[in-house]
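Q: I have a structure here, written as structure tokens, and I will follow up with some questions on it.
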Amino acid sequence: MRKIFLYTAILLISFVVFNSCTKEYESIESVDKAKIEAYIAKNKLTMTPDPSGFYYQIIDEGTGNFLKNSDSVLYDFDIKSLDGQVYQSNNTYSNSATYVGYVTTPGAFRTVMYKLKHGGHAKIIIPSYLAFGKNGNGNIPSNEVIVTDLRIFKESSQVELDENRIKSFLTANNINNAVRHSSGIYYQVITQGSGVDVIDDYSTLEVKYVGKLLNGTTFDSSDSFSTTLSNVISGWRTILPLFSSGAKVRIFLPSKYGYGSASTGTIPSNSVLDFTIDIVKVTNE
């Protein structure tokens, strides 16, 4: 009898614990749902509920074919709270890039991507349990419902997107004398240089430089930097041998000639880089 009583007590405790967890989980769902529906009503939005629990609105379907798992997708998004707190802003001059089938965080992104084409745009409201949950993420707090604008770039390759970014930047800033190198790098000659000390892989260069993103943010600079071409990014290795000591040049590097898909310091992934380089001295031994 004691054993039966003990087993019954254990089963009863297990049921209570399980039922409490279920109620707690359900309460998170219901609380998030109430918040989202109040937000939608207050802002007079027209949103479609997904069976999983998030809400979305297709603002612009885009053009061409609907995206599928095997498609390469270049996209950008912001993250805000329901009360307008900005956790991540849209990055005009950088982007995420992968295949649609590899988009997993948040999972709502991939679901909505299937409803978009290149150039598409959707607003998504994601409950906390489908976003970053009770642990949060970085500056996003625990149990935060997030609002995001997901934008798919019209370009299907990073090379094409970088080319268009550079050309748009040059036009917007009235830089009319930039030359396009066969690599896809653009450069503007500010000072031609002496032409005496040519640059090759074995040259030691002393330069002054400023490196910026296309939004004007300076990410690196130096008034006295000594290097060889083997120790610099490939964009420098490609363009600097066209010049000699005394030259000053501004170069616009597609992301693959900078840091590519890596995020380095203040440089976001897939960023075009804007360098102004003053070649002070070239030493050839």
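Q: What net charge is computed for the residues neighbouring residue 124, neighbours being all others with C-beta under 12 Å from the C-beta of residue 124, Lys and Arg scored +1, Asp and Glu -1?
A: Counting the neighbours of residue 124, the net charge comes to +2.
Q: While we're on this one: Can you compute the modelled spin-label distance between residue 66 and residue 38, with each label point 7 Å from Cα toward Cβ, in nm?
A: Reported label-point gap for residue 66 and residue 38 is 3.5 nm.
Q: Relative to the first principal axis of the alpha-carbon coordinates of the chain, what is the inclination of helix 2-42, with its axis defined by its Cα atoms, in degrees from 0 to 90 and to the nearest 10?
A: It works out to around 50 degrees.
Q: Another question, then. Multiply the residue separation of residue 57 and residue 104 by 0.36 nm, subtract the distance between their alpha-carbon atoms, and state the gained length in nm to one decimal.
A: Extra length available between residue 57 and residue 104 comes to 15.0 nm.
Q: Tell me, in nm to one decimal, what length is gained between residue 191 and residue 168 on full extension, where the rule is 0.36 nm per residue of separation less the Cα-Cα distance?
A: Answer, rounded to one decimal: 5.9 nm.
Q: Of the candidates 173, 215, 69, which one comes out as most mobile in a Gaussian network treatment of the chain with C-alpha springs shorter than 10 Å?
A: 173
Q: Roughly how many whole Å is it from the C-alpha centroid of segment 173-225 to that of segment 231-285?
A: Taking the Cα centre of each part, segment 173-225 and segment 231-285 sit 6 Å apart.
Q: Once the Cβ-Cβ distance between residue 121 and residue 285 is put in as r, and R0 is 51 Å, what FRET efficiency do you end up with, to the nearest 0.05?
A: 0.35
Q: Where Lys and Arg each count +1 and Asp and Glu each count -1, what net charge lies around residue 239 among other residues with Cβ under 12 Å from its Cβ?
A: +3
Q: Follow-up. Based on DSSP H runs of at least 4 residues, each adding -39500 (n - 2.57), what is the mean residue ellipticity at 222 nm of the chain after dividing by all its residues, to the nearest 500 deg cm²/dmol?
A: That calculation yields -8000 deg cm²/dmol at 222 nm.
Q: What are the semi-axes of the equivalent ellipsoid for segment 223-271, taken as the square roots of 5 times the Cα gyration tensor eigenvalues, largest first, in whole Å?
A: Semi-axis lengths for segment 223-271 are 22, 12, 10 Å.
Q: Which one of 172, 45, 186 has its Cα pushed farthest toward the positive end of the charge dipole of the chain, where Lys and Arg give +1 and Asp and Glu give -1 at the Cβ?
A: Value: 45.
Q: Give the cross-link partners of residue 212 among the lysines, using a straight C-alpha distance below 21 Å as the criterion and excluding same-chain residues fewer than 8 apart.
A: Reachable lysines: 167, 248, 256.
Q: Residue 181 to residue 157: FRET efficiency via 1/(1 + (r/R0)^6), r the Cβ-Cβ distance, R0 25 Å, to the nearest 0.05?
A: 0.85
Q: Once the Cα gyration tensor of segment 31-152 is found, what semi-axes does its equivalent ellipsoid get, as square roots of 5 times the eigenvalues, in whole Å, sorted largest first?
A: 23, 16, 13
Q: Over the chain, consider all pairs of different Cα atoms and compute the Kirkwood hydrodynamic radius from their mean reciprocal separation; express it in Å, one decimal.
A: Roughly 22.6 Å, rounded to one decimal.
Q: Mind pulling the angle between the C-alpha long axis of helix 158-172 and the longest principal axis of the chain? Nearest 10 degrees, somewhere in 0 to 90.
A: 60
Q: Can you give me the orientation-averaged projected area of the convex hull built on the Cα atoms of segment 158-283, in nm²?
A: With every direction weighted equally, the projected area is 7.2 nm².
All of the numbers you see were taken from the coordinates with simple rules; none came from a lab. Bear in mind the structure is a predicted one, so any value in this text is a computation, not a measurement. Heads up, the Cβs are rebuilt from the backbone with ideal geometry, glycines too, and the neighbour counts pull from every protein chain shown.
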